[in-house]
Amino acid sequence: RRPLVAAWLAEPEPWTDPARAVETIEGWAATIETDPPCGGWAIEPTDGSPIAGYVVLHRLPDGQMDIGWSLHPDAAGRGWASEAAGLLLERARGAGVERVHAVMWPHNEPSAAVARRIGMLDLGVIADPWYGTDDDPDSRVFVWEPPSRSGR
């Protein structure tokens, strides 16, 4: 519901109806069971701090994987997004996923920094093949691929 947070989301309008948040969270939880390794998880700090945000792994419109995260403004800068996203990449790797994207607004430097910290390759600002529109064609895209088993 915070405009500062919502500005970074795919639909940058704050969620003013709590039912929308509940519906989204329930959808992520159901996906954990129906489409592993996809789903959404709360980022719950181990130091007793309140829930910091969430991390999600979902399918892009063409079936490829996308990872995303969002934090409460008070939780930023503590490494929690990087830790949670890194664990989610390990979950994907363990499930045999061979490529994960992170698609974000071109100017989203905080998320770009998280993507770099977790070892994602910056493909730059490109014509977005998944969410691009005539009015807003570009996104910043990162990709992660597990290390090759051949050692290359």
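The values are calculated or read from the model by the stated rules, or taken from the named source; none is laboratory data. Because the structure is predicted, anything quoted here is derived from the model rather than measured. No Cβ is skipped: glycine too gets one built from the backbone with ideal geometry, and neighbour counts run over all protein chains shown. Protein only, heavy atoms only, side chains kept; ligands, DNA and RNA dropped before computing areas. Shrake-Rupley method; radii C 1.70, N 1.55, O 1.52, S 1.80 Å.
Remarks
- Check on Glu26, within 30 Å of Pro137 (Cβ to Cβ), of a type in the set (Asp, Glu), loosely packed, with under 12 Cβ neighbours inside 10 Å and at pLDDT below 95: no
- Wholly within region 59-152, strands (runs of 3 or more DSSP E) carrying at least 1 residues that are modelled with pLDDT under 95, of a type in the set (Gly, Ala, Ser) and under 25 Å from Ile32 (Cβ atoms): 65-71
- So Gly48, is it open to solvent by 30 Å² or more (accessible area, probe 1.4 Å), closer than 22 Å to Pro147 by Cβ and among the small types (Gly, Ala, Ser): no
- Residue match in region 138-146 (condition: among the small types (Gly, Ala, Ser) and exposed (fewer than 12 other Cβ atoms within 10 Å of the Cβ)): no
- Some residue of region 82-91 being open to solvent by 50 Å² or more (accessible area, probe 1.4 Å), under 23 Å from Gly27 (Cα atoms) and among the basic types (Lys, Arg): yes
Per-residue answers, yes or no, for (1) open to solvent by less than 30 Å² (accessible area, probe 1.4 Å); (2) closer than 14 Å to Asp128 by Cβ; (3) free of Cβ contacts under 8 Å to residues at least 60 places away in the same chain:
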residue: His72; (1), (2), (3): no, no, no
residue: Ala76; (1), (2), (3): no, no, yes
residue: Trp80; (1), (2), (3): no, no, yes
residue: Val97; (1), (2), (3): yes, no, no
residue: Pro106; (1), (2), (3): no, yes, yes
residue: Ala112; (1), (2), (3): yes, no, yes
